[in-house]
Amino acid sequence: MGKPLRWGILGAANIAIRQVIPGIQKGASGTVVAIASRTGVKAEQAARDLGIPRAHGSYEALIEDAEVDAIYNPLPNHLHVPWSVKAADAGKHVLCEKPIGLNAQEVLELIDARDRNKVVVGEAFMVRAQPRWLAVKRLVAEGRIGEVGLIVGHFSYNRRDPNDVRSHLEWGGGALLDVGSYPITLSRWLFGEEPTEVVALIERDPEFGIDRLTSAILRFPRGQASFTCAGQLVLHQRFQVLGSRGRIEVEVPYNPPADKPSRLVIDEGKGLALEGAEVMEFPAVNQYAVQAEAFAAAVRGEGEVPVTLEDAMANMRVIDALFRSSETRQWERVAR
Ligand SMILES: NC(=O)c1ccc[n+]([C@@H]2O[C@H](COP(=O)([O-])OP(=O)(O)OC[C@H]3O[C@@H](n4cnc5c(N)ncnc54)[C@H](OP(=O)(O)O)[C@@H]3O)[C@@H](O)[C@H]2O)c1
């Protein structure tokens, strides 16, 4: 396999501390060699807690660290593109958190930076590398549920904290960028094509201005996807793919526990109480470890990152069109 990829972590973010760093450390393909925070003390604390050799008191110092091959960027959304560009310009590969940026236009800068520096850059939609989701993709491609006509999803959580990065409009806060982006990436991937037009109803938090409740419909050439997402409603996740002969339900689609098996239900509609439905069980897996392995493989030249920047930009185009639709109160075409 060669030498493990040496990761540097840009900011002591919750997602980094709780999931992504332990995920990298679980696998053999990578090792976390450094972490940076805006304050040295916080970086040192995180490094101690997680057994990371080096702590940097600035993001610049991490990016200039010659012993780092790849940067993981879990900064607030408005800092995804700027810091990923800086990292790429320093010759580092970059795994950047979702959503890749604030809008599709911004992603062009990162594509340019990737290409001029010849580095690998990917968007961290961990679900897109996970074995259970790869099985959904395979089942759909094999025609197990017939022709897919409809994809339906929901993703909500309840967090109204003025200090949360999601509560700041200008930082790319709100639920659509945060969690609505998941059913969009998954429905585009499963249909294997881009939606042509979309419509959205968006309700905003009166104080923060961020979107807190969205209902969206995406028209694809071969079907429809509809989803709801919310940042101030009860925690819940659902995802179903409906075809002419069957339906796949992905239980706890986005954040299944890493220490328990996860399931898919394949229902051929013999009755309304799941008569004859098949349950597929998948062994417990740390999806952040899988994501790190897939990224390291791409750096070694063994295939593409699971979510390329072109794919990430197409996702942002859908999000841009949904925001436009909520303003115009009309269907909006998705830019090409
Ligand atoms: N893939 C997933 O499963 C998943 C799950 C959750 C979140 N995410 C994504 O990860 C990113 C971070 O989310 P999070 O919940 O981990 O957020 P968070 O805990 O608030 O972390 C963001 C980090 O960014 C740094 N930062 C830089 N400038 C900042 C500013 N002006 N205000 C606040 N923080 C600033 C801070 O690090 P320092 O103070 O150390 O510099 C902070 O710890 C988001 O893009 C989110 O969409 C992904």
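The values are calculated or read from the model by the stated rules, or taken from the named source; none is laboratory data. Keep in mind that what you see is a predicted model, and the values were worked out from it rather than measured. Methodologically, a virtual Cβ is constructed for each residue, glycine included, from the backbone with ideal geometry; neighbour enumeration extends over all protein chains shown. With ligands, DNA and RNA removed, areas are computed over all heavy atoms of the protein, side chains included. Shrake-Rupley method; radii C 1.70, N 1.55, O 1.52, S 1.80 Å.
Points worth noting:
- Of all the numbered requirements in (1) modelled with pLDDT of 95 or more; (2) within 30 Å of D161 (Cα to Cα); (3) within 16 Å of the ligand (Cβ to nearest atom), S262 misses one, and that requirement is (2).
- Only one of L186, L169, L134, L177 that is surrounded by fewer than 18 Cβ atoms within 10 Å (Cβ to Cβ), modelled with pLDDT of 95 or more, under 30 Å from H93 (Cα atoms) and within 16 Å of the ligand (Cβ to nearest atom): L169
- Number of positions in the stretch 261-274 that are surrounded by fewer than 12 Cβ atoms within 10 Å (Cβ to Cβ) and closer than 21 Å to V127 by Cβ: 0
- Filter result (open to solvent by 30 Å² or more (accessible area, probe 1.4 Å) and either at positive phi or hydrophobic (A, V, I, L, M, F, W, C) (or both)) within the stretch 238-253: L242, V252
- Picking from residues in the stretch 289-336 that are aromatic (F, W, Y) and open to solvent by 20 Å² or more (accessible area, probe 1.4 Å), the one that is nearest to the ligand (Cβ to nearest atom) is F323.
- Test: A61 is assigned to a loop (DSSP other than H, G, I, E, B), modelled with pLDDT of 95 or more and among the hydrophobic types (A, V, I, L, M, F, W, C): no
- Members of the stretch 139-156 that are under 23 Å from N103 (Cβ atoms) and within 15 Å of the ligand (Cβ to nearest atom): F155
- Pairs where the first residue, in the stretch 28-42, is within 19 Å of Y59 (Cα to Cα) and the second is among the aromatic types (F, W, Y) and open to solvent by 10 Å² or more (accessible area, probe 1.4 Å), C-beta under 8 Å, 6+ apart: A36/Y59; R38/Y59
- If you check E109, E123, E67, E60 for being open to solvent by 30 Å² or more (accessible area, probe 1.4 Å) and touching a strand residue (DSSP E or B) at 6+ places or on another chain (Cβ under 7 Å), only one passes: E67.
- Near pairs, Cβ below 6 angstrom, 6+ apart or cross-chain, from the stretch 270-285 (in contact (Cβ under 8 Å) with a residue 60 or more places away in the chain) to any residue that is among the aliphatic types (A, V, I, L, M): M280/L264
- Of residues in the stretch 303-329 being part of a loop (DSSP other than H, G, I, E, B) and in contact with a Lys or Arg (Cβ under 9 Å, 6 or more places away or on another chain), the one nearest to L201 (Cα to Cα): V307
- Condition met for G23 (in contact with a helix residue (DSSP H, G or I) (Cβ under 7 Å, 6 or more places away or on another chain), at pLDDT below 95, within 19 Å of Y288 (Cβ to Cβ) and buried (at least 16 other Cβ atoms within 10 Å of the Cβ)): no
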